[in-house]
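Take a look at the structure set out below.
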Amino acid sequence: MIATIAAREIRSGLVTPLLWVLLGVGQVVLAWIFLQVVEDFSALDAGERSASLTQELCVNLFGFAAVLAMFAAPLLAMRMLSAEFRDGGYDLLAAAPARLIEILLGKFIALAVLITPLCLLPAANLALLSGATTLDLGQVAAATLGLWLAALFFGAIGLQASSLTEQPGAAVLIAFGLLLLFSIIGRAESLTAQTLSLFGWLSWNEHLFRFLLGAVRLSDLAYFLLFTGFFLALAHRHLANRRLQ
């Protein structure tokens, strides 16, 4: 049943223009960033280069792709629950012989499949340099993994927000608010003389940055997996409450 729901959502997502617009716009901007970084790096002498070309490209390309995924995930997720609540499609799905966890996992897997191409765009741009220069493929792989995990985290927040309301626009605003909170919470450390390491740990961009530098740490993996599971659990609870109403 999970595969059936996921396949249905994937087909629905592929026939809507939103995903293709996001991919098109994202690739145009990524291509511009790619050319700009390569041009600036080539203009520097060897002694003036503070980082490798791979690191410069990973930080800039994957960093922008993360921002793109942060905006794309709520937009893709809103139609999976909120829009179905509004149109009555979810009531038909809930009446089918499927458990809530199967419905939720099917939609989350579909969201992961739809957002994966966005996560592969930076690596596809870097592939243009194959044969022209030597790239650190390990760092590129780590950056791709980190971006994908961050996108799953964004998607889980999007689904959780989408489970709260029948208004897709409101769901997007709720998701953006939560993502903004997790983006800036690390800044709280600068507002006090004390070191509040908890705030820094809660900020997703701090964990992603280490992936972009090529470091795959257990704590960073645990962060994305823990919060992805947490927001999916919240979404499951909201769906269960809706069924009881």
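The values are calculated or read from the model by the stated rules, or taken from the named source; none is laboratory data. From a predicted model like this one, the values you see are computed outputs, not experimental measurements. Backbone-built Cβ (ideal geometry, glycine too); neighbour counts: all protein chains shown. Side chains included, ligands, DNA and RNA excluded: accessible areas come from the protein's heavy atoms. Shrake-Rupley method; radii C 1.70, N 1.55, O 1.52, S 1.80 Å.
Here are the numbers for the structure shown:
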quantity: Within-13-Å neighbourhood charge of ALA73 [Cβ basis; K, R +1; D, E -1]; calculated: +2
quantity: Neighbour-limited loop hits for trypsin sites (Lys or Arg not before Pro), segment 34-107 (at most 15 other Cβ within 10 Å; DSSP other than H, G, I, E, B); calculated: ARG49, ARG99
quantity: Whole-number Å³ per residue for the convex hull built on Cα positions in the chain; calculated: 145
quantity: Pairwise label distance in nanometres, ALA170 with ARG8, each label 7 Å out on the Cα-Cβ vector; calculated: 2.5
quantity: Whole-number accessible area per residue in Å² for the chain, which is evaluated in the context of all protein chains at 1.4 Å; calculated: 48
quantity: Cα long-axis angle, helix 63-77 against the chain (0 to 90 degrees, to the nearest 10); calculated: 10
quantity: Accessible surface of the chain, 1.4 Å probe, proportion on carbon and sulfur as whole %; calculated: 67
